[in-house]
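*Asks:* Can you read through this structure? Questions will come right after.
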2 protein chains.
Amino acid sequence: MKFELLHTDGAARRGRIAFPRGVVETPAFMPVGTYGTVKAVDPGQLLASGSQIILGNTFHLMLRPGVEVIRAHGGLHEFMGWHGPLLTDSGGFQVWSLKSLRKLDEEGVEFRSPVDGDLVRLTPESSITVQHHLDADVVMVLDECTAYPIAEDDARTSMELSMRWAARSRERFDALKGVDSAAALFGIVQGGIYPSLRHASMAGLGEIGFDGYAVGGLAVGESESERLAVLEALEPAMPRERPRYLMGVGTPQDLIRAVARGMDIFDCVIPTRHARNGQLFTHNGKINIRNGRYRNDTSPVDPACSCSTCRGYSRAYIRHLQHCNEILGSTLATVHNLHYYHTLMAEMRDAIEKGRFDEFASRQAEHGKGADRRP
Amino acid sequence: MKFELLHTDGAARRGRIAFPRGVVETPAFMPVGTYGTVKAVDPGQLLASGSQIILGNTFHLMLRPGVEVIRAHGGLHEFMGWHGPLLTDSGGFQVWSLKSLRKLDEEGVEFRSPVDGDLVRLTPESSITVQHHLDADVVMVLDECTAYPIAEDDARTSMELSMRWAARSRERFDALKGVDSAAALFGIVQGGIYPSLRHASMAGLGEIGFDGYAVGGLAVGESESERLAVLEALEPAMPRERPRYLMGVGTPQDLIRAVARGMDIFDCVIPTRHARNGQLFTHNGKINIRNGRYRNDTSPVDPACSCSTCRGYSRAYIRHLQHCNEILGSTLATVHNLHYYHTLMAEMRDAIEKGRFDEFASRQAEHGKGADRRP
């Protein structure tokens, strides 16, 4: 993996990550492919929507179909037919979400599979090994996602555990991959909403040394101002020459604000999940396509959009499909929302190159106030 | 619409139906697009699977989204983005399936909408008018689907009602379309399992005169030998120079046996519905892709198949997707099953051209015995 920082505009960054499997122009959004598929679309539709890199969920894939099945196919790319870059998470976030089903200690975390009730153990070493077998282009360290709200002492204890796990993750990655590996390993900054802990986490990870740095433990219940304050405090301490990944974020406005604070790559289920629920993004804000006002509306979802959904189908048609629970209604909506997100990222890249990112961000804040309320 | 009979081999026919919107090589299979979408696939995938013409359900589309919505789009082709030929049924079969919700008299049939409980009236005239607004390339007369089993006298009464409705359908079609219409109107032969009634029905429809003749009232519970006996008795009475449509049939073996008895076009939900339930057709018979034996199977669904599903994905992947209720699992399976059906039709066309249809049919009967039982 090779990262180039091409332009900056304030803290906003325009970069490029080159993988053997393809190039990712940043800022970039990664659709989430939980079970070896980005829900409702195929790899051709992903490419056509502008996807450059997608995310696979180690936790889910470990449970179904199991890593051995994917390994038998030569990895996740071959299994799912996506031949571009793939980032896999460590599984830690999903284990953390299980809460009552888990038991955490120094060694790792043990949980009951929500699929079949089996006892499953995840350690830094086993997570890296699984991601190695999945043949991910970007591997994530196993961390503990710090809860919110949390006292500073507890946030420190949690961050320090994540740091020891990060070192063990690095060690296992290097042992499996060798120094010439084309795959990248990303560390994850934790520390809750406490700037000094975030700095300590960044410094500790920097000493171990990673190919990129993720910001974890956000979008877990904190307010937007708390989240932005963390990014603003942390950003100057993050190395310029490495990609920065803000995990699990967010809405279009969240992405713009995070890019303004120096973040490069993102993942979130919002565009795909919203699509299946009829929430579609447009240049005039989000609309609920199931609303009765679209019953007879022959215009495209977003007249300013060039995606195949907007070129081929009307609002009334997509509304009809979703009312009838037709699969194609999810597919067409997903294609559109992903195209919207990827277009937004491309517009941000362009604005940064032109030194007009602030202007772009203000204009977007104006436009994004929601078209549903308009006549 | 223009029909040419290109070859015959015994009773089997190789033909061509030319519509302004495209050519249909027969024997041909029509995927069913109930609610303005063939479930789980888009028009591009339909074309790639070999679909030449698809079927829309007037009954369902009348209720959702309503004919006015489709009319506002300029017709069903524009609404759903399918620009090839479209056949619409009359809605009669679905009303017949409602049983308890309907009331039938000379004028037409009244029923409670299963969507919202509204009282809806369907007459020969209103069915033709709706199909006209849908802009169907092939319009079907409204008929009463005769039940099975039924006494001969009752079958006659029902057939005679259908005949009067056929005349009224013809009249309304001509009034709406004029004599130069590019759209075709098909009559529907009824008469249960009684050869003399089938002959009387055919003769009566022939006197009215239609662009094509469908065989209705089959695949409603009768035995296969009864169904084939009807076709054998009826076929010599059907005009050679018109396409013949066997409604609602069937499995691959059903199609082969019906082509052997002079039928040209077919529709059925089997390939699409089976796909979503994990039943996939292969050159070695039908398999249940959800079976545990495919868990780790990296081979394609059917090694002899050239569809995009078989070129890009493994049995294990499709099994995994269907186990996780992933939408893509339905899409990939549907693409495959439709490709299988359309390939079967193409093979039949080829066999008829070569005068080897019997040989082809025997070979298929051997192969189609089910791969699930094999190791």
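The values are calculated or read from the model by the stated rules, or taken from the named source; none is laboratory data. If you're wondering where the values come from, they're calculated on a predicted model, not measured in any experiment. Positions of Cβ are generated from backbone atoms using ideal geometry, with glycine treated the same way; all protein chains shown enter the neighbour counts.
*Asks:* What single numbered condition from (1) touching a helix residue (DSSP H, G or I) at 6+ places or on another chain (Cβ under 8 Å); (2) at pLDDT 95 or above; (3) over 24 Å from B:Phe3 (Cβ atoms); (4) surrounded by 20 or more Cβ atoms within 10 Å (Cβ to Cβ) fails to hold for B:Ser158?
*Replies:* (1)
*Asks:* Inspect all residues belonging to segment B:122-139 and state whether any of them is surrounded by fewer than 18 Cβ atoms within 10 Å (Cβ to Cβ), of a type in the set (A, V, I, L, M, F, W, C) and at pLDDT 95 or above.
*Replies:* no
*Asks:* Let me ask another. Step by step: first the residues of segment B:277-309, then only those that are out of contact with any Gly (no Cβ under 6 Å at 6 or more places or on another chain) and modelled with pLDDT under 95, then the one that is nearest to B:Phe360 (Cα to Cα). Which residue is that?
*Replies:* B:His283
*Asks:* Tell me, yes or no, whether segment A:255-274 has at least one residue that is touching an Asp or Glu at 6+ places or on another chain (Cβ under 8 Å) and surrounded by fewer than 18 Cβ atoms within 10 Å (Cβ to Cβ).
*Replies:* no
*Asks:* Considering only residues that are away from chain B (no Cβ under 12 Å) and out of contact with any Pro (no Cβ under 6 Å at 6 or more places or on another chain), look in segment A:317-343 and name the one that is nearest to A:Phe29 (Cα to Cα). Steps first, answer last, please.
*Replies:* Let us first name the residues in segment A:317-343 that are away from chain B (no Cβ under 12 Å), namely A:336-343.
Now drop any that are not out of contact with any Pro (no Cβ under 6 Å at 6 or more places or on another chain), which leaves A:336, A:339-340, A:342-343.
Working: A:His336: 14, A:His339: 11, A:Tyr340: 11, A:His342: 7, A:Thr343: 10 Å.
Per the stated criteria, the residue is A:His342.
*Asks:* Kindly indicate whether A:Trp82 is of a type in the set (Phe, Trp, Tyr) and within 14 Å of chain B (Cβ to nearest Cβ).
*Replies:* Yes; evaluated as a whole, the condition is true for this residue.
*Asks:* Identify, please: which residue in segment A:37-59 is within 9 Å of another protein chain (Cβ to nearest Cβ) and assigned to a loop (DSSP other than H, G, I, E, B) and is, among those, surrounded by the fewest Cβ atoms within 10 Å (Cβ to Cβ)?
*Replies:* A:Lys39
*Asks:* Moving on. Tell me, yes or no, whether segment A:361-370 has at least one residue that is of a type in the set (S, T, N, Q), assigned to a helix (DSSP H, G or I) and surrounded by fewer than 17 Cβ atoms within 10 Å (Cβ to Cβ). Talk me through it step by step, then tell me what you get.
*Replies:* Of segment A:361-370, the ones of a type in the set (S, T, N, Q) are A:362, A:364.
In the following step, the residues that additionally are assigned to a helix (DSSP H, G or I) were identified as A:362, A:364.
Pick out the ones that are also surrounded by fewer than 17 Cβ atoms within 10 Å (Cβ to Cβ) and you get A:362.
Scanning segment A:361-370, I find at least one residue that is of a type in the set (S, T, N, Q), assigned to a helix (DSSP H, G or I) and surrounded by fewer than 17 Cβ atoms within 10 Å (Cβ to Cβ), so the answer is yes.
*Asks:* Looking at segment A:105-121 only, could you name the residues that are loosely packed, with under 15 Cβ neighbours inside 10 Å, touching a residue at least 12 places away in the same chain (Cβ under 8 Å) and in a strand (DSSP E or B)?
*Replies:* A:Arg121
*Asks:* Just wondering, is there one or more residues in segment A:173-185 that are outside any loop (DSSP other than H, G, I, E, B) and closer than 28 Å to A:Ile352 by Cβ?
*Replies:* The first filter runs over segment A:173-185 and keeps only residues outside any loop (DSSP other than H, G, I, E, B), leaving A:173-177, A:184-185.
Now drop any that are not closer than 28 Å to A:Ile352 by Cβ, which leaves A:184-185.
Yes.
*Asks:* Could you say which residue among B:Asp358, B:Asp297 is within 14 Å of chain A (Cβ to nearest Cβ) and either over 21 Å from the mean Cα position of the chain (by Cα) or assigned to a loop (DSSP other than H, G, I, E, B) (or both)?
*Replies:* Numbers: B:Asp358 fails: within 14 Å of chain A (Cβ to nearest Cβ).
Of B:Asp358, B:Asp297, the one residue that is within 14 Å of chain A (Cβ to nearest Cβ) and either over 21 Å from the mean Cα position of the chain (by Cα) or assigned to a loop (DSSP other than H, G, I, E, B) (or both) is B:Asp297.
*Asks:* Only one of B:Pro85, B:Pro27 is farther than 20 Å from B:Ala351 by Cα and buried (at least 23 other Cβ atoms within 10 Å of the Cβ). Can you tell me which? If you could, list the steps in order and put the result at the bottom.
*Replies:* Numbers: B:Pro27 fails: farther than 20 Å from B:Ala351 by Cα.
Testing whether each residue is farther than 20 Å from B:Ala351 by Cα and buried (at least 23 other Cβ atoms within 10 Å of the Cβ) leaves just B:Pro85.
*Asks:* Here are the criteria: (1) assigned to a loop (DSSP other than H, G, I, E, B); (2) modelled with pLDDT of 95 or more. Tell me which single one A:Cys145 does not satisfy.
*Replies:* (2)
*Asks:* Can you tell me which of A:Ile193, A:Ile150 is within 30 Å of A:Ala233 (Cα to Cα), at pLDDT 95 or above and buried (at least 19 other Cβ atoms within 10 Å of the Cβ)?
*Replies:* Testing whether each residue is within 30 Å of A:Ala233 (Cα to Cα), at pLDDT 95 or above and buried (at least 19 other Cβ atoms within 10 Å of the Cβ) leaves just A:Ile193.
*Asks:* Across segment B:60-95, which residue is nearest to B:Asp116 (Cα to Cα) among those that are at pLDDT below 95 and in contact with a Leu (Cβ under 9 Å, 6 or more places away or on another chain)?
*Replies:* B:Val95
*Asks:* Identify all residues within segment B:291-312 that are among the charged types (D, E, K, R) and surrounded by 18 or more Cβ atoms within 10 Å (Cβ to Cβ); write none if there are none.
*Replies:* Filtering segment B:291-312 for residues among the charged types (D, E, K, R) gives B:293, B:295, B:297, B:302, B:311.
Those that are among the charged types (D, E, K, R) and surrounded by 18 or more Cβ atoms within 10 Å (Cβ to Cβ): B:Asp297, B:Asp302.
*Asks:* Would a scan of segment A:314-327 turn up a residue that is among the aromatic types (Phe, Trp, Tyr), surrounded by 24 or more Cβ atoms within 10 Å (Cβ to Cβ) and farther than 13 Å from A:Ala275 by Cα?
*Replies:* Checked against the condition, which is being among the aromatic types (Phe, Trp, Tyr), surrounded by 24 or more Cβ atoms within 10 Å (Cβ to Cβ) and farther than 13 Å from A:Ala275 by Cα, segment A:314-327 yields at least one hit.
*Asks:* If I ask for residues that are polar (S, T, N, Q) and either surrounded by 23 or more Cβ atoms within 10 Å (Cβ to Cβ) or farther than 11 Å from B:Ser49 by Cβ (or both), which ones from segment B:328-349 would you list? It would help to see each step written out before you state the result.
*Replies:* The first filter runs over segment B:328-349 and keeps only residues polar (S, T, N, Q), leaving B:330-331, B:334, B:337, B:343.
Selection gives B:Ser330, B:Thr331, B:Thr334, B:Asn337.
*Asks:* Across segment A:65-95, what is the total count of residues that are touching an Asp or Glu at 6+ places or on another chain (Cβ under 7 Å) and among the hydrophobic types (A, V, I, L, M, F, W, C)?
*Replies:* Total meeting the criteria: 3.
*Asks:* Let me ask you something else. Across segment A:138-163, what is the total count of residues that are over 21 Å from the mean Cα position of the chain (by Cα) and more than 17 Å from A:Tyr213 (Cβ to Cβ)?
*Replies:* The number of residues fulfilling the criteria is 12.
Rundown of residues vs (1) touching a Phe, Trp or Tyr at 6+ places or on another chain (Cβ under 9 Å); (2) in a loop (DSSP other than H, G, I, E, B); (3) within 29 Å of A:Lys39 (Cα to Cα); (4) within 14 Å of chain A (Cβ to nearest Cβ), yes/no style:
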position	(1), (2), (3), (4)
B:Glu25	no, no, no, no
B:Tyr35	no, yes, yes, yes
B:Leu61	yes, no, yes, yes
B:Ile70	yes, no, yes, yes
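*Asks:* Oh, and also: Mind checking whether some residue in segment A:62-83 is within 21 Å of A:Cys268 (Cβ to Cβ) and charged (D, E, K, R)? Step through it out loud before you land on a result.
*Replies:* We begin by selecting, within segment A:62-83, every residue within 21 Å of A:Cys268 (Cβ to Cβ); these are A:76, A:80, A:82.
Going one step further and asking which of them are charged (D, E, K, R), we end up with none.
No, that holds for no residue.
*Asks:* Could you tell me which of the residues A:Tyr317, A:Tyr245, A:Tyr313, A:Tyr294 is out of contact with any helix residue (DSSP H, G or I) (no Cβ under 8 Å at 6 or more places or on another chain) and not aliphatic (A, V, I, L, M)? Break it down into steps so the answer makes sense when it comes.
*Replies:* Working: A:Tyr317 fails: out of contact with any helix residue (DSSP H, G or I) (no Cβ under 8 Å at 6 or more places or on another chain); A:Tyr313 fails: out of contact with any helix residue (DSSP H, G or I) (no Cβ under 8 Å at 6 or more places or on another chain); A:Tyr294 fails: out of contact with any helix residue (DSSP H, G or I) (no Cβ under 8 Å at 6 or more places or on another chain).
Result of the check over A:Tyr317, A:Tyr245, A:Tyr313, A:Tyr294: A:Tyr245.
*Asks:* If you go through segment A:1-31, how many residues are free of Cβ contacts under 8 Å to residues at least 24 places away in the same chain and either more than 21 Å from A:Leu185 (Cβ to Cβ) or among the basic types (Lys, Arg) (or both)? Walk me through how you get there before you give the answer.
*Replies:* Going residue by residue through segment A:1-31, those that are free of Cβ contacts under 8 Å to residues at least 24 places away in the same chain are A:2, A:4, A:16, A:18.
Those left that are additionally either more than 21 Å from A:Leu185 (Cβ to Cβ) or among the basic types (Lys, Arg) (or both): A:2, A:16.
Residues that pass the stated criteria total 2.
*Asks:* Counting only residues that are within 14 Å of chain A (Cβ to nearest Cβ) and not charged (D, E, K, R), which one in segment B:302-316 is farthest from B:Thr334 (Cα to Cα)?
*Replies:* Of the residues in segment B:302-316, the ones within 14 Å of chain A (Cβ to nearest Cβ) are B:307-316.
Right, trim to not charged (D, E, K, R) and you get B:307-310, B:312-314, B:316.
Values: B:Cys307: 11, B:Ser308: 11, B:Thr309: 9, B:Cys310: 12, B:Gly312: 14, B:Tyr313: 13, B:Ser314: 15, B:Ala316: 16 Å.
Per the criteria, the residue is B:Ala316.
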